[in-house]
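Asker: Take this structure first; my questions come after.
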Amino acid sequence: MKDRQEPDQLDELGDTPPAIFRKQLHQLADWIADYREKIGERRISPNAKPGAVLAQLDVASPETAAPLEEIFTDVDRVIVPGVAHWAHPQFMSYFGCTTTNPGILAEMITSALNVNAMTWRTCPAATELETVVIDWLRQWVGLSDEFEGVVYDTASVGIMHALAVAREEAAPATRKLGLTDRGLPRFRIYTSDQAHSAAEKAAIALGLGEENVIRAPSESQFRMDINSLGQSVAHDRQSGFHPMAIVATVGTTATASVDRIPEIAKICREEKMWLHIDAAYGGGFAMLPEYHWITKGWELADSIVINPHKTVFVPLDFSVLYVRGLERLRRVFTLVPEVLRGDTIEGEKNYMDYGIQLGRRFRALKAWVIWRSLGRAGVVARLREQIRLANLLADWIKKDDRFELSAQPSMGVICFRFIGREPALAGGRPSFSARPAVAPYQTDRSNESKLDQLNSDIVERINTSGRAYLTQTKLCGRTVMRIGLGNVLTTEEHLRKGWDLIRETVAAF
Ligand SMILES: Cc1ncc(COP(=O)(O)O)c(C=O)c1O
């Protein structure tokens, strides 16, 4: 970026003079617009070793002011080349990147305002917009109005808060007295072997213990096995544990599978356990009538987390925790420091009361801007396009005998595996719909482990090429490749290029 302020233009104190700042903003606007327009021409991830970024920078802490021109030169020279460009249309790893242009604009306004949404008074608009966007999303996914929510940075933080309420209800007065020296039983949380590790993180943070998160196996469609779950709960109850909560998933990290919520909810009801639904990824798809089936049983949950930063086009970070009866959450976390007493007005929502964070970003603004600028219809159309692309890729995979689908394509996620030049190498082409829990991957262990290595090497080679970026994961103990779509910039042409690259890479092994 050119034409930054000169050192002699810097005031000793105060901020950049307005005229200079205006010019810088225009330059930055051009920089961002260029970045977005030409992002597809970039290498996706740097071909560098750890430490490469720091090796190019002066890491001594700055004693005196540097001209902004010099700082931005370093941004262009070192920082941007040191970034993995998640918003690149051929970055198809994890879940699709949710950057949108309206989101970028909204983030700029948020940083200019830089308000702290602790209480209604400290920023009425931030509080009221937070309530509004939480309610829009609730209506869009068809959740009953018994649920109200709060915005956190991430789903991991959401689940921790949900389980804190579950813990308080299982062991009243824990908020006040803690867990120790009260003769309490060991509390247990159940989830599936496909669930995200956020459940364990929450157990660690809440003093419940990582080992008290019990992972039930999943069945053929990577859904939690209900029989095993029921047996674990019953066995633990008989052994003196206190089954406290079940974490079911709608859109698992590896395959976007959807647990059978109604059956899980039944166990929760019978056993008086908290039901948390981790819909961090999958929740947004409930906006589509054809995906409405995923919401079956949601009305029986105690809490549900949805990450618009994974599916609903809000840039990182933005996660909503819904609780049936939000007051249950407030009771666990409300605590008014003296310094804020004057700013807590009775009858108004003060979002600091709903979690451990006091200072809170004005996250609602970006959701409000993006969702208004796309409209529900625009969000739905984009989600449908992701699903169309995911199914298209699945068709290409099915037509190439060197590959197999490793799971039913779900939402924007496709898992597949290179099975070798000769289909016979993996013992024929299995049908994922009839897949038993572990076979057929066990038909020939020696070949299968070679294929594991090959699949891993293929992903590694593609990722280091800088031309596409995929994930590798394990399913039924075997290494598979995984693609997660969702970026609004990813078109059919990008997907085709990504698939061509996979096939080229495979052919070169
Ligand atoms: C199913 C699921 N739940 C929770 C999380 C954690 O999300 P966050 O990064 O918002 O904490 C992830 C992350 O990928 C996920 O896939």
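Asker: Over 17 Å from Val506 (Cβ atoms), at pLDDT 90 or above, among the small types (Gly, Ala, Ser) and surrounded by fewer than 17 Cβ atoms within 10 Å (Cβ to Cβ): is that true of Gly477 in this structure?
Answerer: yes
Asker: Then there's this: Tally up the residues in region 270-307 that are among the hydroxyl-bearing types (Ser, Thr, Tyr) and under 18 Å from Gln194 (Cβ atoms), please.
Answerer: 1
Asker: Working only within region 272-287, note down all residues that are away from the ligand (no atom under 13 Å from the Cβ) and farther than 13 Å from Leu383 by Cα.
Answerer: Lys272, Met273, Trp274, Leu275
Asker: Also: Please specify each residue of region 303-362 satisfying the condition of being of a type in the set (Val, Ile, Thr) and assigned to a helix (DSSP H, G or I).
Answerer: Thr311, Val332, Val339
Asker: Modelled with pLDDT of 95 or more, within 29 Å of Ala84 (Cα to Cα) and either part of a loop (DSSP other than H, G, I, E, B) or of a type in the set (S, T, N, Q) (or both): which single residue out of Ile32, Ile39, Ile44 fits that description?
Answerer: Ile44
Asker: For residues that are basic (Lys, Arg) and part of a loop (DSSP other than H, G, I, E, B), scanning just region 399-429, find the one that is modelled with the lowest pLDDT.
Answerer: Arg429
Asker: Test Asp153 against the stated conditions and say whether it is touching a strand residue (DSSP E or B) at 6+ places or on another chain (Cβ under 7 Å), touching a residue at least 60 places away in the same chain (Cβ under 8 Å), within 16 Å of the ligand (Cβ to nearest atom) and of a type in the set (D, E, K, R).
Answerer: So Asp153 fits the description; yes.
Asker: Moving to a separate point now. Which one is nearest to the ligand (Cβ to nearest atom), of the residues in region 288-302 that are of a type outside the set (Asp, Glu) and not in a loop (DSSP other than H, G, I, E, B)?
Answerer: The extreme case among them is Ile294.
Here's the yes/no breakdown for (1) closer than 30 Å to Arg482 by Cα; (2) part of a loop (DSSP other than H, G, I, E, B):
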site: Arg215; (1), (2): yes, no
site: Gln221; (1), (2): yes, yes
site: Thr249; (1), (2): yes, no
site: Glu263; (1), (2): yes, no
site: Glu270; (1), (2): no, no
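Asker: Quick check on Arg188: is it in a strand (DSSP E or B) and surrounded by fewer than 22 Cβ atoms within 10 Å (Cβ to Cβ)?
Answerer: no
Asker: Filtering region 222-257 down to residues that are small (Gly, Ala, Ser) and surrounded by fewer than 17 Cβ atoms within 10 Å (Cβ to Cβ), which residue is nearest to Ala301 (Cα to Cα)?
Answerer: Only one residue tops the list, namely Ala234.
Asker: Still on this structure, please answer the following. Scan region 359-393 for residues that are within 14 Å of Thr131 (Cα to Cα) and touching a Leu at 6+ places or on another chain (Cβ under 7 Å) and jot them down.
Answerer: Across region 359-393, the qualifying residues are Phe362, Ala364, Leu365, Trp368.
Asker: Against the definition (more than 13 Å from the ligand (Cβ to nearest atom), at positive phi, at pLDDT 95 or above and small (Gly, Ala, Ser)), how does Gly251 come out, yes or no?
Answerer: no
Asker: Applying the selection to region 156-185, what residues are in a helix (DSSP H, G or I), farther than 19 Å from Ile304 by Cα and in contact (Cβ under 8 Å) with a residue 12 or more places away in the chain?
Answerer: Arg175
Asker: When you go through Tyr281, Tyr291 one by one, which is the residue that is surrounded by 24 or more Cβ atoms within 10 Å (Cβ to Cβ) and not acidic (Asp, Glu)?
Answerer: None of the other options fit; the residue is Tyr281.
The values are calculated or read from the model by the stated rules, or taken from the named source; none is laboratory data. On a predicted model such as this, the values are computed, not experimentally measured, just so you know. Note that each Cβ is placed from the backbone with ideal geometry, even for glycine, and that neighbours are counted across all protein chains shown.
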